[in-house]
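**Q** Below you will find the structure I want to go over with you.
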Amino acid sequence: MNDEELKECTVRIHWNGNKGHEGTGFFVSPRLILTCHHVIKSAKNSPVNIFWNDKPYTAEIKQVYPQIDLAILEIDSLDKFPQVQLDESVKIGDNLYTFGYPDNYPSGDRATFQCEGMTGDERPLIKFKAGQVRPGFSGSPLLNLATGKVCGIIIKTRDRNTDLGGRAIPIFEIFKVFPQLKIIDKLSNLIENPFIPLTGMINSLNLFFGREKDLKDAFEILNSGSSVAFIGEKAIGKSSLIWAMYLQAEKFLQVPRQPVYINLAEEVYHEDDFYTALCDKVGIPVCKGYLLSRELKSRRVLLFLDEVENMSWDGFTNPLRSQLRGLANKGSQDACLRLVIAANKPLNQLFCDSNIVSPFENICIEIFLQPWDEATIRRFIESRLSSTNCRFTEEEILELIEDTKGFPQKLMQKCYKLYKVKAGS
């Protein structure tokens, strides 16, 4: 596990209706989150609000271990979340890494440390130095870079304002009070069906595949000062691609911008919803028209609009689309808005606004997504099967190529069924 993979396993934790920032947690199974007891103590029996990749979820407190400051939460969602791998080994001198949500950087921050060994307590703690542990890092996973696995959970600082480091509960102590977790961790390392998810977008960078060139081209367009539109048929991979861009915007943008993602099929249903969602995610008062332009003037926003064809019906008026065009239609890097959109038709066909220019045409450079070719399909199947003992025959692969025509979602579903049959036999 590397630093980016660890980040994807972490959640930001709140309670009391999102009032205030409390701390960090991380997935130890697709639905279970490990955190510190003191992080959720004030919630008592109330649901806990968590944010994963800026998406809100609720979680229930399943078990608490106040004697060593641990708590287990269960997320209320059927989504599949990435999880850490646990390991009991850590020794003096090991380089350590964490990602969490400190009070001075609640959008997430990294820290590195060095292990100094164990304390002499009845329940020993990992003592580490050479890094700063701020409030909010409580509950963060401590990754041992020597093993690539999580060796502990951060619970306290030695000095919040200096690089004195802090303390963490070692995994072997966690296994003592929660032995089921050891079983869960072992089971998670057994290979399940690798062809997931069956529907919807790929929400984990670990599973993103086959669109690396499109991703590179899109960031080059953004860095040149233009906006981007991905055009392609349903189930071709548009949503997965713009979500991968959203997750990596900070890494690949030459001029920093605040990434904001809105799904026009799931999150908003009419114009008022859109303005509310946009302003809420940017962090400004809900407004439109001149007030919106004024609020955005001093900001740099990268707006991801998924399934933008839903903006073509009467619930979304031409003035809204025109304002987005006006905000994004500036050639300089200083423009307050850049767009990354996904649509099922070319932009000159999608909108018919009284014979005027389509709102996104000429400001978005279109990238047309094509089905995967045979070589990509073969590489995809090989990569997903590489950690299993199962292999598809040449005849089976040729049938998959013919049946799916290179559509990633169809391929995933067909491979899932085939793997289930072969693994079961």
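The values are calculated or read from the model by the stated rules, or taken from the named source; none is laboratory data. All values derive from a computational prediction rather than experimental measurement. Note that each Cβ is placed from the backbone with ideal geometry, even for glycine, and that neighbours are counted across all protein chains shown.
**Q** Given the structure, is GLU74 closer than 30 Å to ILE202 by Cβ and free of Cβ contacts under 8 Å to residues at least 60 places away in the same chain?
**A** Considered against the rule, which asks whether it is closer than 30 Å to ILE202 by Cβ and free of Cβ contacts under 8 Å to residues at least 60 places away in the same chain, GLU74 comes out as yes.
**Q** List the residue pairs whose Cβ atoms are under 9 Å apart, where the first residue sits in region 273-300 and is within 14 Å of LEU324 (Cα to Cα) and outside the structural domain of ALA328 (by TED's automatic domain parsing), the second is surrounded by 12 or more Cβ atoms within 10 Å (Cβ to Cβ) and at pLDDT 90 or above, and the two are 6 or more positions apart or on different chains.
**A** none
**Q** Please report, ordered by residue number, the helices (runs of 4 or more DSSP H) entirely within region 153-264 with at least 1 residues that are over 17 Å from the mean Cα position of the chain (by Cα), within 29 Å of ARG134 (Cβ to Cβ) and not assigned by TED's automatic domain parsing to the domain that holds VAL308.
**A** Here the list reads 171-177, 179-189.
**Q** Look through LEU73, LEU34, LEU6 and report the one residue that is crowded, with 19+ Cβ neighbours inside 10 Å, of a type outside the set (Val, Ile, Thr) and out of contact with any Gly (no Cβ under 8 Å at 6 or more places or on another chain).
**A** Result: LEU6 is the single residue among LEU73, LEU34, LEU6 that is crowded, with 19+ Cβ neighbours inside 10 Å, of a type outside the set (Val, Ile, Thr) and out of contact with any Gly (no Cβ under 8 Å at 6 or more places or on another chain).
Conditions tested, residue by residue: (1) closer than 22 Å to ASN206 by Cα; (2) at pLDDT 95 or above; (3) crowded, with 16+ Cβ neighbours inside 10 Å.
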| site | (1), (2), (3) |
| --- | --- |
| PHE351 | no, no, yes |
| ILE365 | no, no, no |
| PRO371 | yes, yes, yes |
| ALA375 | yes, yes, no |
| PHE380 | yes, no, yes |
| ARG384 | yes, no, yes |
| SER387 | yes, no, no |
| ARG391 | yes, no, no |
| GLU399 | no, yes, no |
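**Q** Which numbered condition trips up ILE341, out of (1) at pLDDT below 90; (2) surrounded by 14 or more Cβ atoms within 10 Å (Cβ to Cβ)?
**A** With (1) at pLDDT below 90; (2) surrounded by 14 or more Cβ atoms within 10 Å (Cβ to Cβ) applied to ILE341, the lone miss is (1).
**Q** For the structure I just gave you, tell me whether GLU88 is among the charged types (D, E, K, R) and out of contact with any Pro (no Cβ under 9 Å at 6 or more places or on another chain).
**A** no
**Q** From the list TYR105, TYR101, which one is at pLDDT below 90 and either out of contact with any Phe, Trp or Tyr (no Cβ under 8 Å at 6 or more places or on another chain) or hydroxyl-bearing (Ser, Thr, Tyr) (or both)?
**A** Going through TYR105, TYR101 in turn, the sole match is TYR105.
**Q** Determine the pairs where a residue that is surrounded by fewer than 16 Cβ atoms within 10 Å (Cβ to Cβ), located within region 247-263, has a partner that is basic (Lys, Arg) with Cβ atoms under 9 Å apart, the partner being 6 or more residues away or on another chain.
**A** As it stands, the answer is GLU250/ARG257; PHE252/LYS216; VAL255/ARG300; PRO256/ARG300; GLN258/LYS281; GLN258/ARG299; GLN258/ARG300, since those pairs meet every condition given.
**Q** Do we find a residue being of a type outside the set (S, T, N, Q), touching a strand residue (DSSP E or B) at 6+ places or on another chain (Cβ under 9 Å), more than 30 Å from HIS37 (Cα to Cα) and surrounded by fewer than 17 Cβ atoms within 10 Å (Cβ to Cβ) anywhere in region 198-216?
**A** no
**Q** If we keep just the residues of region 60-71 that are aliphatic (A, V, I, L, M) and in contact (Cβ under 8 Å) with a residue 40 or more places away in the chain, which is farthest from PHE99 (Cα to Cα)?
**A** ILE68
**Q** Across region 26-47, what is the number of residues that are in contact (Cβ under 8 Å) with a residue 40 or more places away in the chain and not aliphatic (A, V, I, L, M)?
**A** 8
**Q** Is there a residue in region 314-322 that is of a type in the set (Ser, Thr, Tyr), modelled with pLDDT under 95, outside any helix (DSSP H, G or I) and in the same structural domain as PHE230 (by TED's automatic domain parsing)?
**A** yes
**Q** Within the set of pairs 6+ apart or on separate chains, which have a first residue in region 10-25 that is modelled with pLDDT under 90 and among the polar types (S, T, N, Q), a second that is surrounded by 24 or more Cβ atoms within 10 Å (Cβ to Cβ) and in a loop (DSSP other than H, G, I, E, B), and C-beta atoms under 9 Å apart?
**A** Matching pairs, first to second residue: ASN16/GLU22.
**Q** Further question on the same structure: Out of region 93-107, which residues are over 16 Å from the mean Cα position of the chain (by Cα), surrounded by 14 or more Cβ atoms within 10 Å (Cβ to Cβ) and over 16 Å from ILE169 (Cα atoms)?
**A** Selection gives ASN95, PRO102, ASP103.
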